[in-house]
Amino acid sequence: MTTNEQERKRPLNLARSGGRLELKKTVETGQVRQSFPHGRTKTVTVEVKRKRSFGPSGQPQPAAGGDGGILLEEDRHANLTASERAVRLKALEEAKQNEEQRRSQEAEARERAEEEARARAEAEARLKAEEALKVAEAEARRIAEEETRRRAPRPESTEAPAAAPARARAPEAEEEEEAPAREKRPGRPVPAKPQPTARREEPRRRTGKLTISQALDEDAQERVRSLASVRRAREREKQRLAQLRAEPQKIVRDVVIPETITVQELANRMAARGADVIKALMRMGVMATINEVIDADTAELIVTEFGHKVRRVAESDVEIGLRGEADEAEKLLPRPPVVTVMGHVDHGKTSLLDALRQTDVAGHEAGGITQHIGAYQVTVDSGAKITFIDTPGHAAFSEMRARGANVTDIVVLVVAANDGIMPQTVEAIRHAKAAEVPIIVAVNKVDLPDANPGRVKNELLSHELVPEEMGGDVQVVEVSAKTRQNLDGLIEAILLQAEVLDLKANPERLAEGVVIEAKLERGRGSVATVLVQRGTLKMGDIFVTGGQWGRVRALVNERGESVNEAGPSVPVEVLGLQGTPLAGDDFVVLDTESRAREIAEFRQRKSREAQAKLLARGTMEEMFSKIAAGEAKELPVVVKSDVQGSLEAIVNSLSKLSTNEVAVRVLHSAVGAINESDITLAKASNALVIGFNVRANPQARELARRDGIDIRYYSIIYNVIDDAKALLSGMLAPTLRERFLGYAEIREVFTITRVGKVAGCYVTEGTVKRGAKVRLLRDNVVIHEGSLKTLKRFKDEVREVKAGMECGMAFENYTDIQQGDQIECFEVEEVARAL
């Protein structure tokens, strides 16, 4: 290798470049004039880059074609503008950043290479350590085998040669051999075996971590693990790996299967994958998706195939234990009596309650009659509390009266002294007897001049109600709500009857009760008036009522005050329902929300099935077939009411108006204001919208005005029933009634050209009119029925001809007339029918 080649291959360092290593710029700049169209020119700066090369001495060599010189930094930037200088500086900064990034990447690459080299070195050291351990184990096995051979018994012929090795044994071996002999000697104590002590020259057991140098040092005097210890460690490792590889133990579960269940729910109850359940169904020939419903028998086969236990339950089992267990006698405490006020309309029921409560509810009722069921609690002068339930007296509210009798302890039957027993009074007596509750008769309006309480008492006997003064068990109290006469006597009678009944309930349990009334209010949602029968209803309780469930958000008493809880016999308004329940539904508080939702869904499903069966009955099918055939007509209506009880009364009253020829079809009924969906439904079915104590919202009113939908507002139930009856009456086909006019006898038959036969007649009875219906009688047998074509007297056309006069008649489309025939003239008029 020549000197120049050695000089070129020498590394570049600071010493070669005079203590400073630098690279000079190899870019030359200059200015040229650039021409553009339309005679424009511009002076631009250009750069000429030169290829940099380095000689043996490390100095840069000039590029070919250059002048051998490199411009300084100041000279290159002398002719640059400010913007070009800024661009140049920005480019230099970016280049510097790129160079720093490249250096950082190279440093990271070097660190990764070092880490990999270090890891390889550690792996090699680990391998060497394992090889050293194997060598040590082999050496330990060899030593153990030699020790076993030395301890093996020798033949007697070889006893002398073996003496020398025996003498060479360690003192510990001699101790072990002499120990059994010492134990056999009687009467001498056996000394304890001395513990061996490690000598200075013996190898000691290694403590601490094993290093690479220690593993590679062959001369190191160190004790190693015994072969048995290594075997035990290996065995433990094998057992640990076997446990890890072993499959988890199968868990057998009790799977509850209802009457129907989805594939996803079945998989969840078995803690299996949905895909596995679908595969098992496919093997059985059942093609089902994850959301499809399968029957209980198929689900039982799947559960058995998966190795679980099956527990079949009915769908109605969700309600088992809903009411809870019976209360123990020592937990029962006295509660206020629940009194239902019943009677005929306008006999003063609400006025009597107003006198007891010192309110004026009756003065604000539409039409002067009660159309809602109300619940109030009154505290009398003695401090005792009485819960009153006010029921309407109109005939349409029979369901309300029945509910009031079922949830009550005592029935107060209000009878007007001037009116006596009326139809709704008799109905109230029947409801009270069906509910098996005691009756107290309050004879009201005794202050009127025509009052006759004795007549009322005598009329009660015909209904098996015997007053106490006549030897019976029915208390009769004469009162006046207007003058507050003998109200204390009525209260005393109620408290006496409650004391005899010994009313008690357990307040320390989950609440149970009944829904007295339900409504939908704007801003409050569904509101239910609940009468708590046992337990205590508190804020936050989860409950189910009918097909609805919810959580108690607020409790409001009859005075509009918020309360935190309500005990037995306390009526409150409950807010927090998911929907509006039906009046008369049970009200039960539950522990969990999931069970409440499950029970509500079950009841809703049963309600839908019951409605479907009701529509499929024979009588309904016959009526619909008649409607389709045109034999019967229907009046479609959409009913919206303020409360559930009034809605129920209206729907029942409208249903009772239906006949075989006309029928009322309630398309939709609900509580709350009339909205757009109601108008849309009415438009699609050409129905009438009835609003009872509710109004349509602005959007619904505009939609009804645009589509021409008739919305009728009512506040009195009388008017609803009367208007519906009038509408149905107008839909009835009118009755055709025949009215006799007169008789005429044919005296002569004339044949006239271009006219035909004309009968010359004599009117014998009544009047003959032109355009009336006629019958042609021959020998008192009707041979033709039709209309008169013409009626003339002499040559003039006349409207009618009276008895004793002659006239000429001609029939339409009939000419077979003979002398002596008799003509009967009559009219047919339509008579409107009414229900």
**Report entry** Extreme residue, most open to solvent (accessible area, probe 1.4 Å), among residues of segment 282-301 that are under 12 Å from residue 262 (Cβ atoms) and of a type in the set (A, V, I, L, M)
**Finding:** 293
Requested in this report: For segment 302-314, state whether one or more residues are hydroxyl-bearing (Ser, Thr, Tyr) and open to solvent by 10 Å² or more (accessible area, probe 1.4 Å).
Outcome: yes
Query raised in the report: What are the pairs, 6+ residues apart or on separate chains, where a residue within segment 226-246 that is without any contact (Cβ under 8 Å) to a residue 40 or more places away in the chain and within 19 Å of residue 133 (Cα to Cα) has its Cβ under 8 Å from a residue that is open to solvent by 100 Å² or more (accessible area, probe 1.4 Å) and of a type in the set (A, V, I, L, M, F, W, C)?
Result: none
Query raised in the report: From the list 390, 360, which residue is open to solvent by 50 Å² or more (accessible area, probe 1.4 Å), touching a helix residue (DSSP H, G or I) at 6+ places or on another chain (Cβ under 8 Å), modelled with pLDDT under 80 and not β-branched (Val, Ile, Thr)?
Result: 360
Query - Residue ID - least open to solvent (accessible area, probe 1.4 Å), chosen from residues in segment 534-546 that are within 23 Å of residue 376 (Cβ to Cβ) and of a type in the set (Val, Ile, Thr) - result: 545
Query raised in the report: Residue check: is residue 508 open to solvent by 30 Å² or more (accessible area, probe 1.4 Å), closer than 30 Å to residue 326 by Cβ, touching a residue at least 24 places away in the same chain (Cβ under 8 Å) and in contact with a helix residue (DSSP H, G or I) (Cβ under 9 Å, 6 or more places away or on another chain)?
Result: yes
**Report entry** Of residues in segment 770-779 being touching a residue at least 24 places away in the same chain (Cβ under 8 Å) and closer than 19 Å to residue 820 by Cα, the one most open to solvent (accessible area, probe 1.4 Å)
**Finding:** 778
Query raised in the report: Do any strands (runs of 3 or more DSSP E) lying entirely in segment 674-756 carry at least 1 residues that are farther than 30 Å from residue 772 by Cα, in contact with a Pro (Cβ under 9 Å, 6 or more places away or on another chain) and open to solvent by less than 50 Å² (accessible area, probe 1.4 Å), and which ones are they?
Result: 688-692
Report task. Test residue 529 against the criterion of being closer than 25 Å to residue 391 by Cβ and either open to solvent by 50 Å² or more (accessible area, probe 1.4 Å) or at pLDDT 85 or above (or both), and give yes or no. Result -> yes
Query raised in the report: residue 448 fails exactly one of the following numbered conditions: (1) in a helix (DSSP H, G or I); (2) in contact (Cβ under 8 Å) with a residue 24 or more places away in the chain; (3) more than 23 Å from residue 498 (Cα to Cα). What is the number of that condition?
Result: (1)
Requested in this report: Please determine, by comparing only the residues of segment 633-667 that are out of contact with any Phe, Trp or Tyr (no Cβ under 7 Å at 6 or more places or on another chain), of a type in the set (Ser, Thr, Tyr) and at pLDDT 80 or above, which one is farthest from residue 681 (Cα to Cα).
Outcome: 653
Query - Flag if residue 129 is part of a helix (DSSP H, G or I), of a type in the set (A, V, I, L, M, F, W, C) and modelled with pLDDT of 50 or more - result: yes
**Report entry** Matching residues in segment 547-575 - criterion: being of a type outside the set (A, V, I, L, M, F, W, C), out of contact with any Phe, Trp or Tyr (no Cβ under 8 Å at 6 or more places or on another chain) and open to solvent by less than 10 Å² (accessible area, probe 1.4 Å)
**Finding:** 569
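Report yes if residue 299 is farther than 21 Å from residue 598 by Cα and small (Gly, Ala, Ser), otherwise no. Steps first, answer last, please.
Details: farther than 21 Å from residue 598 by Cα: no; small (Gly, Ala, Ser): yes.
No: the conditions fail for residue 299.
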Requested in this report: Under 9 Å between Cβ atoms, at least 6 apart or on separate chains: pull out the pairs that start in segment 648-661 with a residue that is open to solvent by less than 30 Å² (accessible area, probe 1.4 Å) and end on any residue that is in a loop (DSSP other than H, G, I, E, B).
Outcome: 649/371; 649/392; 649/394; 657/835
Query raised in the report: Mind checking whether some residue in segment 332-350 is surrounded by fewer than 21 Cβ atoms within 10 Å (Cβ to Cβ), under 17 Å from residue 414 (Cα atoms), at pLDDT below 80 and hydrophobic (A, V, I, L, M, F, W, C)?
Result: yes
Requested in this report: Determine, yes or no, whether residue 505 is touching a strand residue (DSSP E or B) at 6+ places or on another chain (Cβ under 6 Å), within 21 Å of residue 334 (Cα to Cα) and modelled with pLDDT of 85 or more.
Outcome: yes
**Report entry** Residue ID - surrounded by the most Cβ atoms within 10 Å (Cβ to Cβ), chosen from residues in segment 784-809 that are free of Cβ contacts under 8 Å to residues at least 60 places away in the same chain, under 19 Å from residue 764 (Cβ atoms) and among the small types (Gly, Ala, Ser)
**Finding:** 808
Report task. Looking at (1) in a strand (DSSP E or B); (2) in contact with an Asp or Glu (Cβ under 8 Å, 6 or more places away or on another chain), find the lone condition where residue 347 falls short. Result -> (1)
Report task. May I ask you to list pairs of residues, at least six apart or on different chains, whose Cβ atoms are under 7 Å apart, with the first in segment 262-276 being in contact (Cβ under 8 Å) with a residue 12 or more places away in the chain and over 14 Å from residue 288 (Cα atoms) and the second being part of a strand (DSSP E or B) and among the aliphatic types (A, V, I, L, M)? Result -> 269/255; 269/256; 270/255
Report task. Run residue 51 past the list (1) at pLDDT 85 or above; (2) farther than 30 Å from residue 234 by Cβ; (3) of a type in the set (Lys, Arg) and report the number of the one that doesn't hold. Result -> (1)
Query raised in the report: Limited to segment 756-771, what total is found for residues that are aliphatic (A, V, I, L, M) and within 12 Å of residue 811 (Cβ to Cβ)?
Result: 2
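The values are calculated or read from the model by the stated rules, or taken from the named source; none is laboratory data. Note that the structure is a prediction, hence the values are computed from the model and not measured. Ideal geometry is used to build each Cβ from the backbone, glycine not excepted, and the neighbour counts take in all protein chains shown. Ligands, DNA and RNA are stripped out before the accessible areas are found, and what is left, the full protein with its side chains, is counted by its heavy atoms. Shrake-Rupley method; radii C 1.70, N 1.55, O 1.52, S 1.80 Å.
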